[in-house]
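Beneath this line is the structure, given in structure tokens, with notes to follow.
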Amino acid sequence: MDQVTFRSDTVLSDVHLLLPNARHLMTRLNGVGQPVFISRFKILRDCENHDPGNGTPVPATEERVCEACGGGEGPREEGEEEGGQREKCGGDTRALLDEDGDLDVVRRPRGTLSPERDAADRDAIHPIILSKGEEAPADDELQEECAGNVIMIEHTMATPLEDVGKQVWRGALLLADFILSQPMLFQGATVLELGAGTGITSIVAATLAKVVYCTDVGQDLLNMCQQNVTLNRHLLKPAGGEVKVRELDWLGDEFCTDAETEFSWMEEEVADLHDNATLLIAADVCYDDDFTDAMFRTLYRITSNLRHASVAYISIEKRLNFTLRHMDVSCEAYDHFRRCLDDLQDITDGKTRFTVEPVSPRFPQFFHYERIEQLELWKVTATPL
Ligand SMILES: C[S@@+](CC[C@H](N)C(=O)[O-])C[C@H]1O[C@@H](n2cnc3c(N)ncnc32)[C@H](O)[C@@H]1O
């Protein structure tokens, strides 16, 4: 396939629109002719990460002030990469604690950015699309770039609706933030991700978990996901975590165990999942009512058959649309999601009890993205009776 394919009915994730990477490298065309890019997602640790407890979203282009030292990125120095993070923080954290011991966050007001500077920043983060044939970084160069706290993700930039899994969505980063903020919960666990897309959340989970079954549907998508797992294997090594990319179609009833099919399950893996899984995760998987129904059916079927009680964390972005039917803005996909949660709670099959609760969004932010208030995380607990 050497033809670049663009269609008019495409959607683009805000993550790729605002990601403060100077380099968006188109590395290849995928099996269906879509340009594939690599983005770097830096995990902000310690003094770099940001507690959005006050609910203030931090857009990727906003200047940030380090919470521990109070020092901002300040004006970029010549040659410093757009959006790049300063590595050092020499500040004294004690000075920033209030009398109760809470961290006092000093954030530069948005107004201090000049409109010219703002516009220049936005211009600068437009993706640079390398012409086809220009040299892509070699595998060992990528590995070098990946070192430390950077996750490298292959993705496409804009896709038709049926290929949305090839982009990274904000819900994936919200869920990844939650995972990193709950290390004890995920440590050593067996985890199942539904609708994993590029695999970024599974990769983050596997920095803590024992094994993550990272599932989605479609050969091309699963290939990209597997490639992302390979690109980031150095992050998993220290903890010994493993990501297994497997096919799991919510529209089917079974785990595909046909050895001839790529990304199929081994019988032992299905058994391991049923015997040991205690956590399920799913990011931004409820945007189409039929898929949402199918996802909830899968969630019900799998959790009802697990040996242990389990908890599923589901992130969703409430997307507002103007509809002629309502002559108003509505979020039908979100409303349907909420109805499915209610239905789950109402199930009385004598086998499993489901309880549902929202997760407070006051957990730290480890990735650069806009933590908008429409991003929500829900917790579903399945308890065998
Ligand atoms: C909006 S994307 C989210 C991808 C990723 N979790 C993220 O947040 O970046 C929705 C995902 O649901 C997956 N999906 C849709 N229908 C599915 C089905 N029938 N079985 C399994 N996965 C499905 C898509 O392939 C896609 O990866």
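The values are calculated or read from the model by the stated rules, or taken from the named source; none is laboratory data. Since this is a predicted model, take the numbers as computed values, not measurements. Positions of Cβ are backbone-derived with ideal geometry, glycine not excepted, and every protein chain shown enters the neighbour counts.
Considering 192, 222, 208, the condition of being at pLDDT 95 or above, crowded, with 17+ Cβ neighbours inside 10 Å and within 18 Å of residue 262 (Cα to Cα) is satisfied by 222 alone.
Where strands (runs of 3 or more DSSP E) fall wholly inside segment 297-385, the ranges with 1 or more residues that are at pLDDT 95 or above are 310-317, 352-359, 375-384. Taking segment 270-292 as the range and being within 13 Å of the ligand (Cβ to nearest atom) and surrounded by fewer than 17 Cβ atoms within 10 Å (Cβ to Cβ) as the test, the residues that pass are 288, 289, 290, 291. Annotation: of all residues in segment 193-208 being over 13 Å from residue 283 (Cβ atoms) and of a type in the set (A, V, I, L, M), the one that is nearest to the ligand (Cβ to nearest atom) is 206.
The rows are residues; the columns are (1) surrounded by fewer than 17 Cβ atoms within 10 Å (Cβ to Cβ); (2) over 20 Å from residue 174 (Cβ atoms); (3) among the charged types (D, E, K, R).
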{"site": "337", "(1), (2), (3)": "no, no, no"}
{"site": "344", "(1), (2), (3)": "no, yes, no"}
{"site": "349", "(1), (2), (3)": "yes, yes, yes"}
{"site": "354", "(1), (2), (3)": "no, yes, no"}
{"site": "357", "(1), (2), (3)": "yes, no, yes"}
{"site": "361", "(1), (2), (3)": "no, no, no"}
{"site": "374", "(1), (2), (3)": "yes, no, no"}
{"site": "377", "(1), (2), (3)": "no, no, no"}
{"site": "381", "(1), (2), (3)": "yes, no, no"}
